[in-house]
Each structure stands twice: as structure tokens, then as C-alpha cells.
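The values are calculated or read from the model by the stated rules, or taken from the named source; none is laboratory data. All of these numbers come straight from a predicted model, not from anything done at the bench. Quick reminder, even Gly has a Cβ in these numbers, built from the backbone with ideal geometry, and neighbours come from all protein chains shown.
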Amino acid sequence: MTVASNSIILSPMASQVNGSNVVFEEGIANFSTSLYSKLDRTGNEFISPYSITSALLLLMLGTGKTTKNQMKSVIFEYEEPDDIDHGYKRLNDELLTRTAKGVSISIANRLFARKGLNLLNTFSTKATTYYGSDVELLDFVTEAEQSRLTINDWISKNTNNIIKDMIPKGVVDANILVVLVNAIYFKGTWKKEFNKNDTLQRNFFVKNEQKLVNMMYGEFDAKSGEDLSLDCKILQLPYQGNQISMVFVLPNSGDGLSELESKLTIDNVDSLVKGLKTQKTLIRIPKFTMTS
């Protein structure tokens with residue numbers, strides 16, 4: 001299987017959802033595909049719907065009835081869970097158990113509030129209990145720059161020093177009441193690693209034109225398959241421990257990515273993955289680095 005397109009759809013896949021939390025998890029999955037469909041996909045895109053969801057749900061703790069109902073209707077478009085906060089904690093705790101040798105995951109939330117802001121105890125307690133988010137008071141009025149550096153240092157620490165200057169100068173000032181931050185860090189080693197000596201230049205489609213790029217190569221047993229209705233190939237590569245994997249979806253046509261993306265829903269993505277079979281697979285994947 002040759003994975004070649006001007007974008008690659010990446011999805012860290014968990015195992016089967018816990019039955020008692022299925023409404024919450026399906027809601028988050030549907031929101032993720034809805035969010036992806038709204039992106040202006042003119043090039044390579046890299047997003048974390050789960051990170052965005054974490055921040056929105058934490059924010060929702062502090063909203064009143066009208067705003068809360070509006071937010072819930074967007075995040076949980078089809079069915080609302082009985083207990084959203086408990087559902088988040090269950091999913092978050094479950095994801096954090098998926099570490100293994102060669103696989104690291106950390107998920108952190110934090111609220112930075114302006115000194116003097118009176119936050120309700122019920123809000124602070126729920127933020128800590130369900131979202132693991134303490135509230136740190138900062139002086140946005142007289143120490144705006146130091147506050148910005150404090151927030152950026154927290155983000156850097158919780159992303160293994162990868163994201164160092166998230167908030168640029170001038171953003172934090174006396175008008176800010178609360179800064180809400182979510183940081184997710186993941187690093188994984190393939191269960192079956194590619195041989196570096198087998199990386200060769202091959203043609204890759206970039207904006208419907210072929211371009212020579214370095215391609216990782218391997219031929220081994222992997223979960224793969226093809227879907228005729230979506231006219232695409234699918235490949236699932238697990239990380240060590242078999243608890244998390246990356247899923248590649250490849251249109252059969254070099255210019256078929258946009259059409260494929262327009263057809264993807266959480267239901268057919270789920271069907272694509274469930275329909276894969278372990279078989280000898282020829283794999284070529286472009287080496288890539290993305291920063292956003």
C-alpha cells in the first residue's frame with residue numbers, strides 16, 4: 001500500500017468504547033468529524049479535537065443556562081450524556097492508561113484567572129475534580145508580561161518543551177479575566193518500526209502534482225483494506241502496547257482527497273477500521289513533520 005496524498009488523515013484510535021460511557025464518547029467523536037469538516041483545508045492540517053473539546057467543556061462549567069444549552073447542542077449534537085463532566089473524567093482516565101513501553105501520553109488542563117476575580121467554589125471544585133484543573137491567580141493588570149510568561153512556561157512543561165511560546169506578546173492585558181489552557185503530549189514508537197535504510201525517494205501527490213519525497217518503506221503483516229464506496233485504501237499501524245494506533249486513509253485517485261474528505265463521517269470511519277484485516281501489506285509512507 002502506498003500512502004500518497006496532499007494530506008493524511010490521522011486518528012489515534014482507542015479500543016472499543018466502554019458501554020456505560022458510549023453516549024459521551026460518540027458525542028465527542030461526532031463533534032470531531034464536524035470540526036474537521038469546517039477546516040479550510042488548503043494544505044496540510046493538524047488538529048486535536050479532543051484538546052479543543054477539553055477546553056470547551058471546562059469553559060462550559062462556568063456558563064449559565066442559555067449559553068450552556070447552546071454549547072451542549074454543538075458538542076453533543078445528536079444525544080446528550082446524562083453526566084457530561086463524569087463522562088469526560090472517565091474517558092480521560094481511560095486514555096491515560098494506554099501508556100506502554102515506548103508510548104507516552106499526558107493530558108493537562110489549567111485555569112489562569114485574574115487576581116481579584118471571584119470564582120464560585122462549586123466551579124473551582126468541579127474544575128479540579130473532573131478536569132484536573134487547578135486555578136492559578138495571576139496579576140494581568142500590573143504584571144501582564146510576567147503572567148504571559150508563567151502561562152507559556154506551564155504549556156512548555158506539559159508538552160515536553162515542544163510548545164514554548166504559545167501566547168505571543170501583547171495578548172495578555174488588563175482586559176483578560178481568565179485564560180483556559182489544555183495541553184496534550186503524545187509520543188509513540190511503532191510496534192513494527194521501519195528500517196531507516198529502506199527510506200527512498202518516490203513520487204508523492206502534492207496539490208494534484210507528483211513530487212519526489214522521502215518515503216518510509218515496509219512489507220509486513222498489518223491491518224489494511226480497501227473501501228469501494230469511498231474509493232480509498234485504509235491502513236492501521238499500532239504503537240507499542242497495541243493500545244493506540246494511527247489510521248491512514250488514502251484516496252485511490254491522486255486528486256481524490258477533497259471528495260473523500262467530504263464523504264467521511266464518524267460512522268463510515270468506524271466501519272472502515274472495523275473492516276480491516278491483518279494481511280501482508282506493502283507500505284510506503286512519506287516522512288513528514290508538521291508544526292502548527
Exercise. Restricting the stretch 48-76 to residues that are in a loop (DSSP other than H, G, I, E, B) and touching a residue at least 60 places away in the same chain (Cβ under 8 Å), which is farthest from Ser20 (Cα to Cα)?
Worked result: Gly62
Exercise. Among the numbered criteria (1) of a type in the set (Ser, Thr, Tyr); (2) out of contact with any helix residue (DSSP H, G or I) (no Cβ under 6 Å at 6 or more places or on another chain); (3) buried (at least 17 other Cβ atoms within 10 Å of the Cβ); (4) part of a loop (DSSP other than H, G, I, E, B), which single criterion is violated by Ser147?
Worked result: (4)
For this session: Considering every residue within the stretch 77-91, establish whether at least one is modelled with pLDDT of 95 or more, part of a helix (DSSP H, G or I), among the β-branched types (Val, Ile, Thr) and closer than 24 Å to Phe123 by Cβ.
Result: yes
Exercise. Condition test on Thr281, is it hydroxyl-bearing (Ser, Thr, Tyr) and surrounded by 18 or more Cβ atoms within 10 Å (Cβ to Cβ)?
Worked result: yes
Exercise. In the set Leu260, Leu235, Leu250, which member is touching a Phe, Trp or Tyr at 6+ places or on another chain (Cβ under 7 Å) and crowded, with 18+ Cβ neighbours inside 10 Å?
Worked result: Leu235
Problem set entry | Among the candidates Thr289, Thr265, residue that is surrounded by 13 or more Cβ atoms within 10 Å (Cβ to Cβ) and modelled with pLDDT under 90 | Thr265
Exercise. Does the stretch 202-211 contain any residue that is outside any strand (DSSP E or B), modelled with pLDDT under 95 and among the charged types (D, E, K, R)?
Worked result: yes
For this session: Among the residues of the stretch 109-137, write down those that are part of a strand (DSSP E or B) and free of Cβ contacts under 8 Å to residues at least 40 places away in the same chain.
Result: Val135, Glu136, Leu137
